[in-house]
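The values are calculated or read from the model by the stated rules, or taken from the named source; none is laboratory data. The structure displayed is predicted, hence computed values, not measured ones. Using ideal geometry, Cβ is built from the backbone for each residue, glycine included, and neighbour counts are taken over all protein chains shown.
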Amino acid sequence: MPLDLAAPVSSVKGVGPKTEALLKKAGLATVKDLLYFLPRTYENFTETTALKDIRPGKVVIKGKISDVKVTQTHRRNFSVTEGVIRDATDAIRVVWFNQPYRARQFSPDKEYYFTGMYDLNRGRYQLTSPKAELASAVKKSGQNSTFRPVYPAKSGLKSDQLQKIYESLRPDFAFIPDLLPPSPLLPDFAQPSGARADALFKAHFAENDTDIKTAREYLAYEELFELILAANLNKQENQKLKSFEIPFVPRDIQSLVKKLPFPLTNAQRLATFEILKDLEKPVPMNRLLQGDVGAGKTVVAALAAFSVIRAGKQVALLAPTAILASQHAESLSALLAPFGINVALLTGATKGKSELKKRIKSGEAQLIVGTHALLTDDTEFSGLALTIIDEQHRFGVNQRQKLLAKTVAKNGLAPHLLMMTATPIPRSLQLAIFGDLDVSILNELPKGRQPVTTRLLSELNFTDQLYPVVRDFLAKGQQVYWICKKIDDTASGKPTSEAVSVKRQAEKLRPLFPKANIAFLHGKMKPAEKDAVMSAFAAGKINILVSTTVVEVGVNVPNANLMVIMNANDYGLAQLHQLRGRVGRGKDAALCFLATPASVEPSRRLRELEKSTDGFYLAEADLKLRGPGEIYGALQHGALNLQFASLTDTKLISAASKSAKAFAKTPDRLADFPELAQEIKKYQQLTTLN
């Protein structure tokens, strides 16, 4: 009889009320939750290191311990337990901090396994705070206890507790039901008939590294299959909806292109054509426009909006910040106002909102650019046919759906959707995550734009290598961004707040550059204050803007061509690339310094950023270094974060994609696989864009 995966953890032998409470606190409420809670790592007692061969790093050694003593330090309630571990080849020092019970744990005539870090501490090498287990007990404790799982410490649960629970479940693993539907396209390791049961058993009772690898490969495949199938089913659902058919009138588009102050790149022409052809269809467009920083996404969006408005319909553009919304409204108005198109701006700070909302409802406002203010219930549209979402990862699924639902509720037609992002998305993510989207890519910079030169710099060298450069830029009338995260420089030694950090840096710079107008900007300022500072900077009234990452997205100041990022090691690669994209937006050469403290060696991601300005290359590098993160954006609690799959494994993604797409051709079959259907529904709700 198949194991009931939906049964509560209290049904498992050995799980009493206290353990049940701990498991639930850790998010493990059902038998399935328990089975999919995999070891964090494994202790391999079969591969011990002889003490004569020991090297710095994590080690497993087998030996006897003697001379164990506890010393109380000058610090209150703090002790040091020291001893000597010996084997047949040599002896080493071992230390535990604040673990006085260790002195009573060992017998000098018995052998123990010690697992921990062997490293240099205060001038001498030692094994620091290792785990210790009696060697004879390890041999008696299980089927292959010399290769032992170590579970994540979570909500008070201990690894030993979990090992006992899984041991009590061991006979039941054979009855774990299959999950994936049979298909000739499934790889051999994922074929049903015990594949899942075998994988989960090997994960919890691994006997070697091969068991771990095969278990995780199956579980990663299962996860990718579910995700890709959900995306494909979403796309099918989207195709069932009806939308506005917007005619593609080449003469109209050409009239706008001729008025542009610059020629379109080939990538912009292709993306525009793909979008305009989508708008002609009776089903809603669901397209992602991704382009590197400064690649000209706004112009492509303007051409799409122009086509829709010429057809007598409305367009809404949703931006994540008031500053970015204002800039979009300004640039779109400059492009479209000569053709009689009414561009409106709706943010939280907009004056005369009620009057503007009347103009939106009547259709007088044709292109409405705004922030979350567009989502309020009293913002009604006359005929919203195209929704454009900028920096889509900054909006949650619910927010996007709310804007789309406004049109469906009014006339039963879904608006076309164009999402834009300046965070390039690797091909593997497009396959796995964005299977329900069509993707257009802008991979060329407009003519005249110069790549930003990037330099790594230690704070030790600011006086000689940074400050003279800042003075040169200021002398040429150019502006500077100075990005701060956190500076621990208060008198008490405690970390300062984000706002104080920025203020202190501004204060430090004023005597260094006495003729410069220096201002600061941070997320804790009121929206009106932030807008005032950013507007002054954009107008050239501020020479050096000391800011946190609030300037990361979309701010366009062509005269700002120097950026200094303090503590650059603390930022992710994608975020650093976005920050760097704030400079070099005009025709002048631009420079970005990635500054690190004197004691910190630049990380690999900083070296990647130094050698490349190609956002698509950096996106792939970031994926390898950091993992996928929350790709859809604003997914509360990280619900879509993958537990097993690596989105750099293109071979596994390709295999899962083929099988999922084949299954999606007969979606009614999903009713025959209720557990799979439940998982797919969860992913569909998380990732749907309509």
Does region 57-64 include one or more residues that are more than 15 Å from Pro130 (Cβ to Cβ), part of a strand (DSSP E or B) and either under 44 Å from the mean Cα position of the chain (by Cα) or not aromatic (Phe, Trp, Tyr) (or both)?
-> no
All-but-one check, Val300 against (1) of a type in the set (Val, Ile, Thr); (2) without any contact (Cβ under 8 Å) to a residue 40 or more places away in the chain; (3) within 23 Å of Val439 (Cβ to Cβ), failing number (2)
In region 20-47, how many are within 25 Å of Tyr101 (Cα to Cα) and not in a strand (DSSP E or B)?
-> 1
The condition of being assigned to a loop (DSSP other than H, G, I, E, B), hydroxyl-bearing (Ser, Thr, Tyr) and modelled with pLDDT under 85 holds, among Ser654, Ser646, only for Ser646
Any idea which of Leu276, Leu270, Leu303, Leu288 is of a type outside the set (D, E, K, R), out of contact with any His (no Cβ under 7 Å at 6 or more places or on another chain) and not in a helix (DSSP H, G or I)?
-> Leu288
With the condition kept exactly as written, say whether any residue in region 291-304 is in contact with a Phe, Trp or Tyr (Cβ under 9 Å, 6 or more places away or on another chain) and modelled with pLDDT of 90 or more.
-> yes
For region 302-339, what are the residues that are over 19 Å from Met419 (Cβ atoms) and aromatic (Phe, Trp, Tyr)?
-> Phe339
Which one of Val80, Val68 is farther than 30 Å from Pro177 by Cβ, assigned by TED's automatic domain parsing to the domain that holds Phe114 and surrounded by fewer than 17 Cβ atoms within 10 Å (Cβ to Cβ)?
-> Val80
Among the residues of region 100-133, count how many are basic (Lys, Arg) and loosely packed, with under 13 Cβ neighbours inside 10 Å.
-> 4
Test: Asn232 is touching a residue at least 60 places away in the same chain (Cβ under 8 Å), touching a Gly at 6+ places or on another chain (Cβ under 8 Å) and either surrounded by fewer than 22 Cβ atoms within 10 Å (Cβ to Cβ) or assigned to a helix (DSSP H, G or I) (or both) = yes
So is Leu521 free of Cβ contacts under 8 Å to residues at least 40 places away in the same chain and in contact with a Phe, Trp or Tyr (Cβ under 9 Å, 6 or more places away or on another chain) or not?
-> yes
Among the residues of region 103-116, is any without any contact (Cβ under 8 Å) to a residue 60 or more places away in the chain, in contact with a Phe, Trp or Tyr (Cβ under 6 Å, 6 or more places away or on another chain) and part of a helix (DSSP H, G or I)?
-> no
Contact list, first residue from region 59-85 and in contact (Cβ under 8 Å) with a residue 40 or more places away in the chain, second anywhere and of a type in the set (S, T, N, Q) and surrounded by 13 or more Cβ atoms within 10 Å (Cβ to Cβ), beta-carbon distance below 7 Å, six or more apart or interchain, is Val59/Thr49; Val60/Asn44; Val60/Thr48; Val60/Thr49; Val60/Thr115; Ile61/Thr48; Ile61/Thr49; Lys62/Thr48
Could you check, for region 324-336, whether at least one of its residues is in contact (Cβ under 8 Å) with a residue 24 or more places away in the chain, buried (at least 20 other Cβ atoms within 10 Å of the Cβ) and over 27 Å from Lys447 (Cβ atoms)?
-> yes
Please specify each residue of region 560-596 satisfying the condition of being closer than 19 Å to Val470 by Cα, part of a loop (DSSP other than H, G, I, E, B) and either not aliphatic (A, V, I, L, M) or not assigned by TED's automatic domain parsing to the domain that holds Asn517 (or both).
-> Asn567, Gly581, Arg582, Gly584, Arg585, Gly586, Lys587, Asp588
So Leu264, is it outside any helix (DSSP H, G or I), buried (at least 16 other Cβ atoms within 10 Å of the Cβ) and modelled with pLDDT under 90 = no
Please specify each residue of region 169-220 satisfying the condition of being surrounded by fewer than 16 Cβ atoms within 10 Å (Cβ to Cβ) and among the basic types (Lys, Arg).
-> Arg170, Lys213
Residue satisfying condition, being under 35 Å from the mean Cα position of the chain (by Cα), hydrophobic (A, V, I, L, M, F, W, C) and closer than 30 Å to Val94 by Cα, within set Phe189, Phe173, Phe205, Phe147 | Phe147
For region 192-212, indicate whether the set of residues that are of a type in the set (Lys, Arg) and at pLDDT below 90 is non-empty.
-> no
